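Derivation of every value follows stated rules applied to the coordinates shown; laboratory data play no part. All figures in this text were calculated on a predicted structure; none of them were measured in a lab. Neighbour counts are summed over all protein chains in view; Cβ atoms, including those assigned to glycine, are modelled from backbone coordinates with ideal geometry.
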Amino acid sequence: MKLKTRVAALLSTTAACLLLAAPSHATLLGRDIAGQAVAASDDSAVFLYDTTLNITWLRDANRNGAQSWADANAWASGFSLGGFDDWRLPTTLQPDASCDQQGRIIGPSFPLQGFGFNCTGGEMGHLWYITLGNSAGFMSNVGDFVDMQFDNYWTATAYAPNPADAWYFATYNGIQMTSAATNEFVAMAVRAGDVMVGGGGGGNNAPEPQSALLVLLALAGLGLAQRERRSGNFPIV
């Protein structure tokens, strides 16, 4: 087989493998209590790492039940699991230009910035719409989360014009808006980074399957080039 044909075959195989291995959108990767990589759907998965936002979600989406905004923030900041104690509530943007404010249900004079459907600038909105692929008005996918509620979920963001209110995200229809902070909603815990990378999680730095595949393909290409050079078919420049 000529060099050109062999290289073309290798590139074709590489492209096909990468299409199979690479996620088509934001991906949640499973991590067990020790920070080791496991399938996100595995019973041992305790954490879900968001590869796009570089944050780790607690897989249990209703760990502490309904509570006020202040209590929810206090719970998250005091929470410790897997050797990590830097948990928090997910944040949102204010204003969030990504929101579809055509869906206002209160009126144009309501002073909300970042209210409506399709709000993907915050972490909850990004998870709901982009990572899980839900559509405005209905939740069809909870992914590999455990005990995800069709309810209002607090964010960590206070409502700037009135600090007595705070932002929340409704998983039952995908709307983002504010409520009195004294109301009791559920909450999710999240932290920055991947629990698999150092820290108290005890994880290692083993490459994801896509990275391992790239290494193998690179080695295969190097081997082919060396064989062609030895046979005299590979020009030395």
| query | Can you work out the FRET efficiency for the pair Asp100 and Ile33, with r the C-beta to C-beta distance and R0 = 35 Å, to the nearest 0.05? | reply | 0.35
| query | Among 184-195, 132-143, how do they line up from the highest to the lowest mean number of other beta-carbon atoms within 10 Å? | reply | 184-195, 132-143
| task | Between Ser44 and Val197, with labels modelled 7 Å along Cα→Cβ, what's the label distance in nm to one decimal, could you check? | result | 2.3
| task | Figure the gain on full extension for Ala164 and Ala70 (residue separation times 0.36 nm, minus the Cα-Cα span) and round it to one decimal in nm. | result | 32.8 nm
| Pulled fully out, how much extra length does the chain show between Val142 and Asn173, if you take 0.36 nm times their separation in residues and subtract their Cα-Cα distance? | 9.9 nm
| In 10 Å bins starting at 0, how do the alpha-carbon pair distances of the stretch 33-102 split up by percent? | 16, 41, 31, 11, 1
| task | Find how many whole Å separate the alpha carbon centroid of the stretch 52-105 from the alpha carbon centroid of the stretch 125-193. | result | 7
